[in-house]
1. Taking 0.36 nm per residue of sequence separation and subtracting the Cα-Cα distance, how much length would be gained by fully extending the chain between residue 395 and residue 20, in nm to one decimal?
2. What percentage of the solvent-accessible surface of segment 386-433, computed with a 1.4 Å probe over protein heavy atoms, is contributed by carbon and sulfur atoms?
3. Kindly flag which residue pairs out of 180/203; 80/132; 236/398; 180/376; 20/236; 37/132 have an alpha-carbon separation exceeding 22 Å in this structure.
4. Segment 130-176: percent of C-alpha pairs farther apart than 14 Å?
5. Output ³J(HN,Hα) for segment 263-273: one whole-Hz value per residue in order, computed from phi by the Karplus curve 6.51 cos²θ - 1.76 cosθ + 1.60 with θ = phi - 60°, and x for Gly and Pro.
6. Quick one: which residues, 5+ away or cross-chain, put their amide H under 5 Å from the amide H of residue 194? H built at 1.01 Å from N.
7. Rounded to two decimals, what is the ratio between the C-alpha radius of gyration of segment 146-252 and 2.2 N^0.38 Å?
8. Can you list residues whose amide H is under 5 Å from residue 437's amide H, if they're 5+ apart or on another chain and H is modeled 1.01 Å from N?
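The values are calculated or read from the model by the stated rules, or taken from the named source; none is laboratory data. Predicted model, so just to flag it, every value in this text is computed and none were measured. Glycine also receives a Cβ, built like all others from the backbone with ideal geometry; neighbour counts cover every protein chain displayed. Just so you know, the surface numbers come from the protein's heavy atoms only, side chains and all, with ligands and any DNA or RNA stripped out. Shrake-Rupley method; radii C 1.70, N 1.55, O 1.52, S 1.80 Å.
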Amino acid sequence: MKQNVSFKAFTSKTNSSSQKLFSNILIRWQVLSHAEKVVYLGIILIPLWWVISWGMMLFFWVIGIAIYELYNYKIIRLSKPSLEVIAILLFSFYRIVSLAVNSEDITLRLLLDVLLNFGSAGLLLWYIQSQKIRVRLEVVTSAFFIVICLMLVWWAFFHFVLSEPYYTPSKTLYALFMDKGVYHPNQLGSVGNFLVPYYPADKGFAGLARHTFFFPHPTVSSFVIGFAGLTFLDIKNRYFSLVLASICALLILIAQTRNAWLALSTVLIIRWLFVSGKERGITFLIMLFAITIFTTFSIPQVTDYVTETYTHSIEATNNLRKESTEGRQLIYERTWEQFLEEPLVGHGVNGAAVVPGYEFAKIGTESFILGSLFYKSGLLGTGVFIIFFISFLAQLYKTRHDRPICCFMMLLYLTLASSVTEFLGPELFIPLLCTMLQITNTNQLKIKSTNII
């Protein structure tokens, strides 16, 4: 698998494909396929999605594609759905039924939440596979470069110019039309319905406020920024690659998301081992592993240092927001206990609050695996999702020869974080983008594709 791509905006040595794709530091719009134009605009317009409502993003894409297909072809061109498409749509339907059966206060918006996220993601995956849509990685890195620079300027303006003052969040356009009430930081309904660039009352290290960077929550921001950083690491020019990746690391640090730090650190180590093993051979990895194990466990001073450093790192991470750490532990314990009471079909909705007055600390929250799958979906729903996940990974593995390494590293990142994170629309868009990414100079690249996405 090739992991390096050229990005003419940051390198002096480019291949002929990149020379056609870029004019100086600007991307040449006329040479992009329809799919690349849509994806490029979808990324650089991230602030606009934030203003409209991230919860509606995937649904708007589905509606846009349907209109495009019906207008140009009178039908929506779809092939026979794959196993992963069937599984994710079935999982979405199962979650809707489970919500309707278990919710005491059934609303149309509550039932549509799953359809707007997993249901829309399944339909988009179906269309992507049907049209065999591929997007060059240079297009994605160019778009992310613009967004990351905008995020950096955005933070510098609020931090250094305005000094991060208190403010009253405005509603998103969706919440404005739907009259979503008044903002309250401890209510689940406020997430995604109000424009919260940062939390002025939530100060972390060095007195920095937590920033969201155009997303509904700092955790979501960390996933998207982490994905951008992983794509930057695939740039051929090592200098600019490391500079851009370091900027992404700084932004994740400002978002102050502990699970992102730990999961992404693990992913970066695995990526380094993978690249080193490919470049230097498996013998290098075996020797490195043997030397590390021997040094760690054979020299008492090194063993004590590693143990002490690890312990202090965990304690420092937990103490960053001690109340959140203790609350999460209580959530996981109660969620597991409730799951064992109804393991087959699940509970459908979140349970009671474990911290009075704090809606985020409810049974079934703070974990996609434990909460959304086991607790809410039960073993039946979890089994359906596992079928989707395995089939999805198998399909990506079959086409690994022309995919950048960032696709697989990002999926690993999401998987590691899923034990302590719930997923929303932006996170679901990332795997869809991974299915489309392609490195250049391959036989499968179709520059003249006319698909809209």
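1. Contour length minus the Cα-Cα distance gives 132.0 nm.
2. Roughly 74 percent of what the probe reaches on segment 386-433 is carbon or sulfur.
3. 180/203; 236/398; 180/376
4. 72
5. For segment 263-273, the Karplus curve yields 5, 5, 4, 5, 5, 5, 5, 5, 4, 4, 5 Hz.
6. For residue 194, the qualifying residues are 172.
7. Dividing the Cα radius of gyration by 2.2 N^0.38 Å gives 1.20.
8. Amide H neighbours of residue 437: 135.
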